[in-house]
Amino acid sequence: MASPLVSDVAHSGLSVADLDDALALWCSGLGFTLERTFTLDVDVTSATTGVHEAAIRAATVVLGRHRIELLQYDPIRTVESAGSPALVGTVHIALTVTDLDRVLTLCARHGWQPVGTPHRMARGARLGTRIIYLEGALGGFIELIEPPQLP
């Protein structure tokens, strides 16, 4: 049997409008640790992402074994409609949280709004779990998952 071609997930990426605000949310608010910051110049950005005439200010934040790369393109590029998590190719980041309501309040201060109301799973492997998607003001999706609280 051949060895697998993929050995690990290196990180998830999220393009953001304001790196400093994103770091405040992910580190100060959600409890991630800043691993590093870095900048990619126009040539590197073009070669690696296919986005021309833009530089990237970026940071990697860590929680447990998971890394999230936050990327601020300069100049910032936005879309008229943030889209839908149902669009083919859309990616979201799912976070397990201990207090869904507190995290919703925190995220709202940084422009993330729920797309519905928290849903409590009534059956299956996630029985009792509360789940909600949030959409960023300029796009992107985060899923919050609050497992049932044990007595």
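The values are calculated or read from the model by the stated rules, or taken from the named source; none is laboratory data. Quick caveat, the model's predicted, so the values are computed rather than measured. Methodologically, a virtual Cβ is constructed for each residue, glycine included, from the backbone with ideal geometry; neighbour enumeration extends over all protein chains shown.
Worth pointing out:
- Scanning region 61-78 for residues that are touching a Gly at 6+ places or on another chain (Cβ under 9 Å) and at pLDDT 90 or above yields Leu63, Ile68, Glu69, Leu70, Leu71.
- Positions within region 121-151 being part of a strand (DSSP E or B) and either loosely packed, with under 14 Cβ neighbours inside 10 Å or within 16 Å of the chain's Cα centre (by Cα) (or both), in sequence order: Ile131, Ile132, Tyr133, Leu134, Glu135, Gly136, Phe141, Ile142, Glu143, Leu144, Ile145
- Apart from one condition, Arg130 fits all of (1) out of contact with any strand residue (DSSP E or B) (no Cβ under 8 Å at 6 or more places or on another chain); (2) free of Cβ contacts under 8 Å to residues at least 40 places away in the same chain; (3) farther than 17 Å from Leu23 by Cα; the exception is (1).
- Whenever a residue of region 33-46 is of a type in the set (A, V, I, L, M), its partners that are outside any strand (DSSP E or B) and surrounded by 12 or more Cβ atoms within 10 Å (Cβ to Cβ), lying with C-beta atoms within less than 6 angstrom and at least six residues away or across chains, give the pairs Leu34/Cys27.
- Restricting region 79-98 to residues that are surrounded by 12 or more Cβ atoms within 10 Å (Cβ to Cβ) and part of a loop (DSSP other than H, G, I, E, B), the residue that is modelled with the lowest pLDDT: Ala82
- The lone exception for Glu53 - which of (1) assigned to a strand (DSSP E or B); (2) at positive phi it fails: (1)
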